[in-house]
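Scroll down for the structure; my scribbles are underneath it.
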Amino acid sequence: MKYYDLRSDTITKPTEAMRKAMAAAEVGDDVYREDPTTTKLEALAAELTGKERGLFVSSGSMGNLISLYINGGRSNEVFTAANSHIIHHEIGAVAAIAGVLPISFDVPRGILNADAFIGKVKQGAYDMANTTLIEVENTIGGYCYPLENLEGIKDFASTHDLKIHMDGARIFNAQVASGISVKTYASYADTITFCLSKGLGCPVGSMLCGDEEFINKALTIRKMLGGGMRQTGVLAAAGLYALENHVDRLADDHAHAKALADALVKGGWAEVDTEGVQTNIVFFRVPMVQSATVVSQLAKQGILANTEGDMVRLVTNLDLHDEDISELCTLLENFQIEAEA
């Protein structure tokens with residue numbers, strides 16, 4: 001049986017050209033800040049985000065954690081969406097390691113609005129955690145942040161002396177889908193992370209970008225977390241290759257996601273969030289059937305998916321080509337869901 005892996009865009013394998021770039025990488029000891037390829041990647045990340053400096057980290061979770069640790073600060077609190085990655089998929093590190101109390105807001109699609117924060121900021125009371133940081137995620141569930149929301153949040157943060165961190169794991173998906181540059185998105189945040197190992201197709205790694213003072217502190221926290229690595233140029237070379245060759249092709253993943261959503265609608269057996277398909281992620285549910293059951297039944301047809309609460313999630317990626325999507329659309333249109341007993 002042929003399998004189509006739609007669990008995530010993290011499951012991709014490095015392309016042959018990327019592997020060659022990795023094999024040819026010039027390397028040094030990055031703990032001594034002597035790896036030239038990593039230095040080049042960090043400079044490119046800073047340029048793309050419009051920040052003073054970039055830092056290579058092992059994962060987006062580490063990048064988020066470092067920003068929470070420094071700009072959130074222990075015994076303080078961060079405003080974030082209830083369905084954000086830092087709450088659901090980072091094992092409570094926001095509190096357990098960074099020591100920051102997350103204050104979550106249940107907002108449509110996880111898109112925060114400054115109005116939600118009115119009257120919620122705590123500052124100055126000795127017996128309360130001070131509000132110090134706002135965290136936004138772009139994209140969130142594949143949905144792009146509207147600029148007007150980011151503008152309002154930045155104005156609010158400036159008024160209340162708050163920092164903003166952007167979890168931009170799939171920020172290049174947002175750029176390709178919206179036509180808004182990564183630099184523009186990043187201008188609404190003090191710090192930003194983006195993943196190399198999701199849609200961009202690298203085997204590992206993320207970038208954390210901010211000003212000079214922040215990155216100097218981030219180097220120390222990265223080391224404390226065990227993230228000081230040596231000849232990282234082998235990995236950085238993959239990141240350079242991806243940023244130079246894999247950004248524009250994200251449009252293919254977006255078109256593939258829309259095709260899958262259309263196929264689900266045509267099949268008639270699923271309720272599809274078609275409005276939410278802005279990038280490479282499709283969410284749907286099946287009435288009266290648990291999401292885990294749907295995933296199990298899809299797997300029997302060779303379609304690997306994931307659950308997100310009561311929803312099923314499909315994520316298109318670099319390893320799925322036009323022929324695969326055509327075959328998947330046929331399978332989804334003709335799929336027969338078995339009701340639970």
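The values are calculated or read from the model by the stated rules, or taken from the named source; none is laboratory data. Model, not experiment: these values are computed from the prediction. Methodologically, a virtual Cβ is constructed for each residue, glycine included, from the backbone with ideal geometry; neighbour enumeration extends over all protein chains shown. Note: accessible area is taken over every heavy atom of the protein model, side chains too, but ligands, DNA and RNA are not part of it. Shrake-Rupley method; radii C 1.70, N 1.55, O 1.52, S 1.80 Å.
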Taking only Cα atoms of the range 98-236, radius of gyration then Dmax in Å: 16.3, 49
Cα gyration tensor shape for the range 289-339, rounded if a/c is under 1.5, else prolate or oblate: oblate
nm² value of the averaged projected area, convex hull over the Cα atoms of the range 227-296: 7.6
The range 1-77, Rg to Rh (Cα coordinates; Rh as Kirkwood inverse mean 1/r): 1.08
Separation of alpha-carbon centers, the range 49-111 and the range 181-236, rounded to whole Å: 14
Top of His254, His160, His85 by mean-square fluctuation, Gaussian network on the chain, Cα under 10 Å: His160
Candidates Leu304, Leu65, Leu200, ranked by Gaussian network fluctuation over the chain, Cα under 10 Å, top entry: Leu304
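Please compute the per residue accessible area over the chain with all protein chains in place, 1.4 Å probe, rounded to a whole number of Å².
Details: 14730 Å² over 341 residues.
For the chain, the solvent-accessible area averages 43 Å² per residue.
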Links that overshoot a 23 Å alpha carbon limit, given the list Lys266/Lys300; Lys154/Lys183; Lys13/Lys183: Lys13/Lys183
Within the range 210-307, trypsin sites (Lys or Arg not before Pro) in DSSP loop having at most 15 other beta-carbon neighbours inside 10 Å: Arg230, Arg249, Lys300
Percent carbon-and-sulfur accessible area, the chain, ignoring ligands, DNA and RNA, probe 1.4 Å: 50
Spatial extent of the chain: Rg and Dmax, with the Cα atoms as the point set, Å: 20.5, 63
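Where in the chain lies the longest segment free of chymotrypsin sites (Phe, Trp or Tyr not before Pro) that are both loop residues by DSSP (not H, G, I, E, B) and have at most 14 other Cβ atoms within 10 Å? Working shown, then result.
Details: sites that count: Tyr3, Tyr126.
Answer - 127-341.
For the range 184-229, calculate the relative contact order in percent as a whole number, restricting contacts to Cα pairs under 8 Å that are 6 or more residues apart.
27
Roughly how many debye, to the nearest 20, is the charge dipole of the chain about its Cα centre, given +1 on each Lys and Arg Cβ, -1 on each Asp and Glu Cβ, and no other charges?
On the way: 28 positive and 45 negative charges, 132 e Å.
Dipole magnitude for the chain comes out near 640 debye.
Hey, what number do you get for the chain at 222 nm if only DSSP H runs of n ≥ 4 count, each worth -39500 (n - 2.57), divided across all residues, to the nearest 500? Don't skip to the end; give the middle numbers.
Numbers: 13 runs with 130 residues, N = 341.
Value at 222 nm, helices only, nearest 500: -11000 deg cm²/dmol.
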